[in-house]
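Report on the following structure.
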Amino acid sequence: MWALLSVLLWSACAYEEKLASGSMAMEFKQYAVAADLFKKEWAQEKDPREQGRIAFQIGQCHQRMNRPDLALDWFQKAFVGGYPGASLEYANCLKQNERYDDASAVFTRAGRDRGNPNEYQAQMQACVSAKQWLEKAPDNVFKVAALPLNGAYADFAPTLGPGNSLVFSSDRPVSEKDAKYGWTGNSFSDVYSAAPPFAAPQNFGPPVNSPYNDGTTSFTGDFSELFFARCGSDGDEMVQYCRIFSAKKNGDGTWGKPEPLTLGPPEANYGHPCISPDGRALLFSSDWTDGYGGFDLYIAFRLDAGGWSEPRNLGNGINTPGHEKFPFLDADTLYFASDGLVGMGGLDIFRAVKTNGRFGQATNLQAPINSGADDFGLVVDRRGALPDSVVQVGFFASARKGGKGNDDLYRFERRLPPPKPVLPEKIPEKPIVYTIFCDGLAREMVRKNPDDPGSNVVDHRPLPGVAVRVETEDTSFVLKTPADGAFSFALKAERDYRFSATRDGYLSGKATLTTRGLEKNPDRPETRLSVLLDLDKIVKNREIVLENIYYDFDKWAIREDAKPTLNALSTLLKENPTIRIELGSHTDCRGDDAYNLTLSQRRAESAVAYLVAQGIAADRLTAKGYGETAPVETCACRQCTNEQHQKNRRTTFKIVE
C-alpha cells in the first residue's frame, strides 16, 4: 500500500473543503480528492494539450493510490495527446497491467523521446522475461491462494503473530465514522490479527493503533515485544514522517505505550521493521539521504546500554536507485520487495542468500509469487509440520488482478519439483561459458533552470565525449563515450569496479558495481549489468545553498551537525581537483550591519578552515562574509516571517573557476 511507503506523509485529513483545484489537492498529497477535481477540469478543458497535461496528473494520482488499472487509461490519453514524459509513465503502467508486448513498444518510444531508443533496454528485456515467467507460472514450484479475510480495502504486510495467528495491516473501516485519509480516500490503516483459518480479523486497538497510519509489524521470537511503523503524530506541523515504534507486552497480556526508536536523522522516513527472534538486530527501510536512491534497506543493532547502533546500509548488492522495502530474514535468506531490480511491473519479491558474511545476487521469485502489480511483504512460516512434497509455506501481499481489494493477502506453498524423467545417456555437452557485460551510459543532469546549479534535476540526456576511467584491483583503463553517451565492455567475475567520468565543463560523476556473488544460471549464461554516470554542468559564480549548516548564537565554530555537509563538499572538491570555490556566509537583516558582516566573515572562514583540515588546498578556497547584503528574500525586515529570515541565514558556495 503506497500510502504507508511515501516519502512524506501529511497529517491533515479534512482539507477537502479548502481544496479548490486538482493541483492544490495534489500538492497536499490528497490524491483521491485531486483525481476527482482533475476529472472535472479535464471535462471542461477544450485545449487538447492542456487536456493531455491534466490526464497525466490524473494518471499520477491513480498510480499513487496504487490503482494502475485506473491510471492506464489516463496515461494513454496523455500519451496520445503528446504530453512530454507521458510515454515512460504509460509504458510503466502497461507493464504493471501485464501488457508486456505493448509496454516494450512504448519503452522504445520513450527512449526515442529521450534521444536514445535503447535508453530503456533493461525494461524491454524485463518485459520479455516477465511474459515468459507468466507463461511458466503453472509449472513453478510456488502455489498461491488468497486468504478468506481479504475485503474490499487494502490488506497488506502480513506478520507471524502469537498462537499461530497472522497479524497484518489494513485500511478497512472500523466504523462508519472513521476519518478518511486524503491520500487514498479510505480510512487510516490499523493493525489487525486473525487466527486460522484467517477469516475473522480483529482490530488490535490502542495503544498500538492510533488515529494515524499504523502497520507493518514484527515480533520478537517470544512475542514479548512488538515493532511497527506509524506515520503521523499529534504535532501541529503539516509534514509528518513515518517512524518505527516498539511496545512491550504487559503481564496481563496487553501492550504497553509504544515508544519511537531513534535510528537516524529526523528528516527521513523509517518503516517496515523486521526484528530478529532474539530482538538484537533490526532490519528496516528508510529514505535516508545517504542511500542509493528512494528507500533502501538498513540494519541496526540493539546496544547493551540502550538504544540502537548507527544503521548500516545493506549496500548496492541489495539496494538500487529505486525502492527496497519490506525485509524479512529467514535464517541466512533475505526476502524483500524492490522496484529497482528487473521485475514484472511494480514491486517484486526477491530473495538473496548470505554467504561469507554478505548477501549474494538478488533473485526474482517470478510468477506466481510476483505479478505485474505490487507484490511485497513475504514472510516464511515455520511454525508447524509441512505436508509431503511441501518444503516451505508463508504469506505475502499483492495488488494483482483478481483480488478483492486494493491489496490482498495470499498464502504460498513451495513444493518439491517433480522428479525428472530418466533419459538415455547423452554425449557430454560442451561446457557452458558464462559472460558478464557492463552496459553504461553517461548522462548530463538537466536542471529546471539551466543557469541555477541549485535548481531541481528534471531530466537527463545522453552526454558524448565523456572520459570514463574504469578501475578494479587488477585493471585500469579509460574509454570515451560516443554521440549517444553509451558504452559497453566485458567484465571479470568476482571483481569490484569503480567508475569515474570526466568532461571539461562538468563536475565528475562516480559509480560502482560488483560482479561478486553473481548467480550462474545455465538458462541465461550471459549477465548484463548497467551503470549510470551522471555529470552536472559547471555554472560559475552562481551560489548553491549548503543545507543543514547552522551556528550557535553569536558563534562561528563548526558544529557537529554541520560536518556531514562540509564533508560532502570536501569529497566534491577532491573528485574535481581543478575547480576553485568561494564559500559564503549570509545573515538575516536583524542586528547591526557591521556586526553581521564581521560575524558572517568569521563563519565563512571557519568553514574554509574545516575544509583545509580535510585536505583541501587553501588556494582553492575563498571565504566571503556577506552579512545581510545579499538576501534571497527581499521583504521589509520587520515584516519578514521566520521562514524568510531562515532562508536569508544561509551558507553557500559557488564555483569561481
Looking at this structure, is ALA607 part of a strand (DSSP E or B), among the aliphatic types (A, V, I, L, M), under 25 Å from ASP452 (Cβ atoms) and open to solvent by less than 40 Å² (accessible area, probe 1.4 Å)?
no
I need the full set of residues from segment 150-165 which are at pLDDT 95 or above and hydrophobic (A, V, I, L, M, F, W, C), in order please.
PHE156, ALA157, LEU160
Could you check how many residues of segment 108-122 are open to solvent by 60 Å² or more (accessible area, probe 1.4 Å) and touching a helix residue (DSSP H, G or I) at 6+ places or on another chain (Cβ under 9 Å)?
6
Looking only at residues that are among the aromatic types (Phe, Trp, Tyr) and in contact with a Lys or Arg (Cβ under 7 Å, 6 or more places away or on another chain) in segment 306-335, which one is most open to solvent (accessible area, probe 1.4 Å)?
TRP308
Just to be sure before I move on: is ALA373 outside any strand (DSSP E or B), over 22 Å from GLY517 (Cβ atoms) and open to solvent by 30 Å² or more (accessible area, probe 1.4 Å) in the structure I sent?
no
Of all residues being of a type outside the set (Ser, Thr, Tyr) and touching a Lys or Arg at 6+ places or on another chain (Cβ under 8 Å) in segment 512-528, which is most open to solvent (accessible area, probe 1.4 Å)? Just the residue, please.
ARG516
Taking segment 426-453 as the region of interest, how many residues are under 21 Å from VAL656 (Cα atoms) and open to solvent by 50 Å² or more (accessible area, probe 1.4 Å)?
3
Meets criteria (in contact (Cβ under 8 Å) with a residue 24 or more places away in the chain, in contact with an Asp or Glu (Cβ under 7 Å, 6 or more places away or on another chain), among the basic types (Lys, Arg) and closer than 16 Å to LEU529 by Cα) for ARG461:
no
Can you name every residue in segment 617-657 that is part of a loop (DSSP other than H, G, I, E, B), under 21 Å from ASN541 (Cα atoms) and out of contact with any Phe, Trp or Tyr (no Cβ under 9 Å at 6 or more places or on another chain)?
ALA617, GLU628, THR629, ALA630, PRO631, VAL632, GLU633, THR634, ARG650, VAL656, GLU657
How many residues does segment 468-504 contain that are free of Cβ contacts under 8 Å to residues at least 40 places away in the same chain, part of a strand (DSSP E or B) and either open to solvent by 30 Å² or more (accessible area, probe 1.4 Å) or acidic (Asp, Glu) (or both)?
10
Restricting to segment 471-487, name every residue that is of a type in the set (A, V, I, L, M, F, W, C) and within 16 Å of LEU535 (Cβ to Cβ).
VAL478, LEU479, ALA483, ALA486, PHE487
Filter segment 85-124 for residues that are acidic (Asp, Glu) and at negative phi; which is nearest to the chain's Cα centre (by Cα)?
GLU89
Would you check which residues across segment 315-340 are under 13 Å from the mean Cα position of the chain (by Cα), charged (D, E, K, R) and part of a loop (DSSP other than H, G, I, E, B) and list them?
ASP339
Verdict on ALA568 being in a helix (DSSP H, G or I) and surrounded by 20 or more Cβ atoms within 10 Å (Cβ to Cβ):
no
Within segment 518-527, can one find any residue that is touching a residue at least 12 places away in the same chain (Cβ under 8 Å), among the hydrophobic types (A, V, I, L, M, F, W, C), in a loop (DSSP other than H, G, I, E, B) and more than 30 Å from LYS354 (Cα to Cα)?
no
Subset of segment 571-598 [open to solvent by less than 30 Å² (accessible area, probe 1.4 Å), more than 17 Å from THR651 (Cα to Cα) and not polar (S, T, N, Q)]:
ILE579
Please state which of the following conditions ARG414 fails to meet, knowing it meets all the rest: (1) closer than 30 Å to SER169 by Cα; (2) without any contact (Cβ under 8 Å) to a residue 24 or more places away in the chain; (3) not hydrophobic (A, V, I, L, M, F, W, C).
(2)
State which residue is farthest from ALA247 (Cα to Cα) when the search covers only segment 188-211 and only residues that are open to solvent by less than 30 Å² (accessible area, probe 1.4 Å) and among the hydrophobic types (A, V, I, L, M, F, W, C).
PHE198
Extreme residue, modelled with the lowest pLDDT, among residues of segment 402-427 that are under 23 Å from ALA199 (Cβ atoms) and part of a loop (DSSP other than H, G, I, E, B)
GLY405
Residues of segment 276-324 satisfying the condition of being in contact with a Gly (Cβ under 7 Å, 6 or more places away or on another chain), more than 19 Å from ASN364 (Cβ to Cβ) and of a type outside the set (A, V, I, L, M, F, W, C):
PRO277, ASP278, SER286, ASP287, GLY293, ARG302, PRO311, ASN313
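Per-residue answers, yes or no, for (1) assigned to a loop (DSSP other than H, G, I, E, B); (2) in contact with a helix residue (DSSP H, G or I) (Cβ under 9 Å, 6 or more places away or on another chain); (3) open to solvent by 20 Å² or more (accessible area, probe 1.4 Å):
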position: LEU263; (1), (2), (3): yes, no, no
position: ASP278; (1), (2), (3): yes, no, yes
position: PHE284; (1), (2), (3): no, no, no
position: TRP288; (1), (2), (3): yes, no, yes
position: GLY293; (1), (2), (3): yes, no, yes
position: PHE301; (1), (2), (3): no, no, yes
position: ASP304; (1), (2), (3): yes, no, yes
So the check is Cβ under 8 Å with 6+ separation or different chains; which pairs have a first residue in segment 380-399 that's of a type in the set (A, V, I, L, M) and a second one that's part of a loop (DSSP other than H, G, I, E, B) and open to solvent by 20 Å² or more (accessible area, probe 1.4 Å)?
VAL390/LEU416; VAL391/LEU416; VAL393/LEU386; ALA399/ASN406
Unmet requirement for GLY343, which otherwise passes all of (1) surrounded by fewer than 18 Cβ atoms within 10 Å (Cβ to Cβ); (2) outside any strand (DSSP E or B)
(1)
Would you mind finding the one in ALA613, ALA617, ALA623 that is without any contact (Cβ under 8 Å) to a residue 24 or more places away in the chain and over 25 Å from ASP290 (Cβ atoms)?
ALA617
Mind listing just one residue for me: the one in segment 170-196 that is of a type in the set (Asp, Glu) and under 26 Å from the mean Cα position of the chain (by Cα) and, of those, modelled with the highest pLDDT?
ASP190
All but one of (1) farther than 21 Å from ARG542 by Cα; (2) in a helix (DSSP H, G or I); (3) open to solvent by 40 Å² or more (accessible area, probe 1.4 Å) hold for TRP556, so report the exception by its number.
(2)
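The values are calculated or read from the model by the stated rules, or taken from the named source; none is laboratory data. Only a predicted model underlies this, so the values are computations on that prediction, with no experimental measurement involved. A quick note on method: Cβ atoms are made from the backbone with ideal geometry, for glycine too, and the neighbour counts reach across all protein chains shown. For accessibility, only protein heavy atoms count, side chains too; no ligands or nucleic acids. Shrake-Rupley method; radii C 1.70, N 1.55, O 1.52, S 1.80 Å.
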